[in-house]
Amino acid sequence: MAFLSAIHYEVYAGKQLIAYIPYDHNEFVTRPWLVMVNGEEKFRDTTVARCQRFISWHYKDGTLNPFAPTEVLEVPTISEISFYDQEAFVNRELVAGIFYDHDNYKDLYWRVIVNDKEIFRDTTSVRCHSYVKQQYQQGTLPVQEPFEEEVCTTSNEIMAQIFNESEKYGFEILDDGIYKNDVKLGEVGCTDGNWWVIRASLTHQQKIACESVGDAVQSLSVAEVSQVSCEEPFDRPFDQLTAEDGAGCWSINQY
């Protein structure tokens, strides 16, 4: 028998959790010790020893749990995030969550959640722990679906990534786009996990798909260089301009 606390015990046959013995704190209860199997009360008495004898007798004759599994699975381990939030794991994979419900629900404050659905309630967290462990070994605990990783889930996350990349090039982010030296270079955004860029230098301003936020911002840095190389010749006197200067600006504007 595994000792969890002075008011809760787990009873094992080898590696299999076959029952648990919790204490009932309700008033006016003359037989406060319980035998529970898979979350259901099977027996009550005045002492833990009497509950142990009940478990031993009925385990041997096969009536304690008629649906005992042939293959004994590993018992989930409990990880405590905080007093109010615990999680059950098997090989680092989440199988259930145990949470405290602040709303009074007939004193059943603790609940077991799998796939965002409540499947069990009880008076203490350790009772929920034992329920999860035994249901998992029975193979009757609902399978927790893996969490899907979301990309660009919020506007704040998107803006943070754009800001970090823009800072590498000395760009400034304003309400209507990305600027350098008061010149608008374009806009960068993310829709449904797909990054895009709109270059201000293009005549037809449309979204251009990009592999990442880094590629999107980098394309604006290329546009900035193009604008500077085109504007620089006009800072010189007309008689110092060459045919190559004019051809270069024409090709850049066409781009």
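The values are calculated or read from the model by the stated rules, or taken from the named source; none is laboratory data. Since the model is a prediction, treat every value here as computed from it, not as a measurement. Areas reflect the complete protein model, heavy atoms only, side chains present, ligands, DNA and RNA absent. Shrake-Rupley method; radii C 1.70, N 1.55, O 1.52, S 1.80 Å.
Scalar couplings 3J(HN,Hα) for the stretch 60-76, obtained by applying the Karplus form with A = 6.51, B = -1.76, C = 1.60 to θ = phi - 60°, are 5, 8, x, 9, 5, 9, x, 9, 4, x, 7, 10, 8, 7, 5, 6, x Hz; x denotes Gly and Pro.
With 0.36 nm allotted per residue and the present C-alpha distance subtracted, the PHE163-ASP116 stretch has 13.5 nm of extension available.
Once backbone amide H atoms are built at 1.01 Å from N, VAL95 has ALA88, PHE89, VAL90 as its partners under 5 Å, excluding neighbours fewer than 5 places away on the same chain. Here the Karplus relation 6.51 cos²θ - 1.76 cosθ + 1.60, evaluated at θ = phi - 60°, turns the backbone of the stretch 43-58 into coupling constants of 6, 9, 6, 8, 9, 5, 4, 5, 5, 4, 5, 4, 5, 4, 4, 7 Hz, with x for every Gly and Pro.
With all protein chains kept in place, the per residue accessible area of the stretch 72-160 amounts to 62 square angstrom at a probe of 1.4 angstrom. Once backbone amide H atoms are built at 1.01 Å from N, ILE18 has VAL11, TYR12, ALA13 as its partners under 5 Å, excluding neighbours fewer than 5 places away on the same chain.
For LYS15, a cut-off of 28 angstrom between C-alpha atoms picks up these lysines, skipping any fewer than 8 places away in its own chain: LYS42, LYS60, LYS133. Taken one residue at a time, the phi angles of the stretch 170-185 give Karplus couplings (6.51, -1.76, 1.60, θ = phi - 60°) of x, 7, 10, 9, 10, 4, 9, x, 10, 10, 9, 6, 6, 10, 6, 8 Hz. Gly and Pro are set to x. Rounded to the nearest percent, how much of the accessible area of the stretch 73-212 (1.4 Å probe, protein heavy atoms only) is carbon and sulfur? Carbon and sulfur together cover 46 percent of it. Working note: Debye formula, equal point scatterers on the alpha-carbon atoms of the stretch 3-112, no solvent; log10 I(q)/I(0) at q = 0.17, 0.18, 0.19, 0.21 Å⁻¹ is -1.00, -1.10, -1.18, -1.30.
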